[in-house]
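None of the figures in this text is laboratory data; all of them are computed from the coordinates on show. Everything quoted here is computed from the prediction, not taken from an experiment. Cβ atoms come from the backbone with ideal geometry, glycine included; neighbour counts cover every protein chain shown.
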Amino acid sequence: MDTPFVVGGRTFRSRLMIGTGKYADNETMVRAIEATGADVVTVAVRRVDLDRTAEGGILRHLDPKRFFLLANTAGCYTADEAVRYARLAREAGFNDFVKLEVIGDQETLLPDVAGLLEAARTLVAEGFKVLAYTNEDLITALRLEEIGCAAVMPLASPIGSGLGLLNPVSVRTIKRRLKVPVIVDAGVGTASDACVTMEQGVDGILMNTAVAAARDPVLMGHAMRLAVESGRAAYLAGRMPRREVAVPSSPTEGMLD
Amino acid sequence: MVETVEIVVNGSPRQVAAGATLLELLSALSLDPRGVVVEHNRRIVRRPALGDVRVSSGDAVELVQFVGGG
């Protein structure tokens, strides 16, 4: 039996959290999210398009009673900007959780660690449950935990890259050293990436592009659900040791002359 | 003629009736206040207060909502 998946005092059914960006259309998005089994979906805060009166809003497609809306601060490059977006998101009135991103570089979208720590301090002091998107650096992860973040979210590889888990050792180290949930965010490309990531023992995984940019997002959503469940179960089951020589699976006794 | 003032809404200049409240601005833009969060000169205005806050010439208003994102 697995332990419940609790983040910031809330228990979630699925260890897979899913983004809502980049889908070809809203109907595909909803069906793909349903296929993942996720109960946490991420959303971004953006200006209302005044020429198309709220047409771009996501809430007409996703029932906030059914899904837990986790707002992000994607696109923010300074701590102040991220704090501003987080406050706006909270004002929408759903919850006080925020997926905090402070981006440091346009090409790699890697986190600005100094800005991230500063924004996390401010938001934790304001009562936010901060889920901090960070790189796979243990010291930053420890600092985020000390500050009071509800979860630390190291990347598997850069956002939208689909390169999979590049640094399993560092992610395992972070998981071993932190008490708060560790949720890998970004970089998963396909189901095997998700499975390997969960096999490291992390508490959960957040992805968007891997599902949204699949040729069949609904089927990939299903595959990701299975992969996350499979990787989690394999982690709990405890894998056999690796050996560089063969060991027969069938009896060596009882062979014919 | 109704007297108008120029404010900036979501980064673009817009003429609104002088003394209009934020709630009246939303209504003029056919926006349901339940679906947007309003920031007025960098300060968030909670929904119940939208009818109390009036805009003045040069004010900056941001109207945001949740959109798809990771």
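Annotations for the structure displayed:
- Beyond 20 Å in Cα-Cα separation lie the following of the pairs A:65/A:179; A:65/A:175; A:99/A:129; A:99/A:175: A:65/A:179; A:65/A:175.
- Shown in residue order for the stretch A:241-255 are the 3J(HN,Hα) couplings computed by the Karplus curve 6.51 cos²θ - 1.76 cosθ + 1.60 at θ = phi - 60°: x, 7, 10, 9, 10, 6, 10, x, 8, 9, x, 8, 7, x, 6 Hz (x for Gly and Pro).
- Between helix A:113-125 and chain A: long-axis angle, C-alpha atoms, 0 to 90°, nearest 10: 70 degrees
- Label-point separation, residue A:13 to residue B:52 (7 Å along Cα→Cβ), nm: 4.1 nm
- Against the main long axis of the alpha-carbon atoms of chain A, helix A:168-177 sits at an angle near 70°.
- Of all segments of chain A bounded by trypsin sites (Lys or Arg not before Pro) found in a DSSP loop with no more than 12 other C-beta atoms within 10 Å, the longest spans A:67-178.
- Under a model in which nothing but the beta-carbon of Lys, Arg (+1) and Asp, Glu (-1) is charged, chain A shows a dipole of about 560 debye around its Cα centre.
- Values of log10 I(q)/I(0), in the order q = 0.14 Å⁻¹, for chain A under a Debye, Cα-only, solvent-free model: -0.91
- Long-range HN-HN contacts of residue A:97 with modeled amide H, under 5 Å: A:129
- Looking at the stretch A:12-88, the chymotrypsin sites (Phe, Trp or Tyr not before Pro) that sit in a DSSP loop and have at most 16 other Cβ atoms within 10 Å of their own Cβ are A:77.
- The residue among B:50, A:106, A:95 whose Cα reaches farthest toward the positive pole of the charge dipole of the protein assembly as shown, with charges on the beta-carbon of Lys, Arg, Asp and Glu, is A:95.
- Share of Cα-Cα pairs in the stretch A:172-257 lying beyond 22 Å, as whole percent: 42 percent
- For chain B, the convex hull drawn through the C-alpha positions has a volume of 96 cubic angstrom per residue.
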